[in-house]
1. Could you report the chain's accessible area per residue, 1.4 Å probe, as an integer in Å²?
2. For the pair SER25 and LEU45, what calculated FRET efficiency results from E = 1/(1 + (r/R0)^6), where r is the Cβ-Cβ distance and R0 = 35 Å, to the nearest 0.05?
3. I need the P(r) histogram for the chain: all alpha carbon pairs, bin width 5 Å from 0 out to the longest distance, whole percents.
4. Using a 1.4 Å probe over the heavy atoms of the protein chains, calculate the carbon and sulfur portion of the accessible area of the chain as a whole percent.
5. Applying a 10 Å radius around every beta-carbon, put 49-58, 17-26, 30-39, 1-10 in order of their mean neighbour count, most first.
6. Which net charge results for the neighbourhood of HIS56, defined as the other residues with beta-carbon distances under 13 angstrom from its beta-carbon, given Lys and Arg at +1 and Asp and Glu at -1?
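The values are calculated or read from the model by the stated rules, or taken from the named source; none is laboratory data. Small disclaimer: the values here were computed from a predicted structure and weren't measured. As a convention, Cβ positions derive from the backbone with ideal geometry for all residues, glycine included, and neighbour counts pool all protein chains shown. Heads up: the accessible areas ignore ligands, DNA and RNA and are worked out on the full protein's heavy atoms, side chains in. Shrake-Rupley method; radii C 1.70, N 1.55, O 1.52, S 1.80 Å.
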Amino acid sequence: MRYRLRFHLQEIDLTSDEVVIGRGSACHVTIDDPMLSRTHVRIALGGPQPFLEDLHSRNGTQLNG
């Protein structure tokens with residue numbers, strides 16, 4: 001199965017079983033946006049369906065809107 005992250009005008013292929021997204025350099029996907037925390041969200045893709053976990057971000061996480 002192929003997964004892609006769409007954020008504004010960017011599209012990023014998610015190729016590993018676990019992806020951490022945020023502003024910090026230690027994240028797998030780094031997005032320079034002041035609304036994102038340094039480590040904002042984790043996406044687990046290794047199970048039967050994708051699982052999204054907010055990593056206690058200040059602004060929260062929205063999925064599909």
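1. 79 Å²
2. 0.95
3. Cα pair-distance distribution for the chain, in percent: 4, 17, 29, 30, 15, 4, 0.
4. 48 percent
5. Going from most to least packed, we get 17-26, 30-39, 49-58, 1-10.
6. Net local charge, HIS56 excluded: +1.
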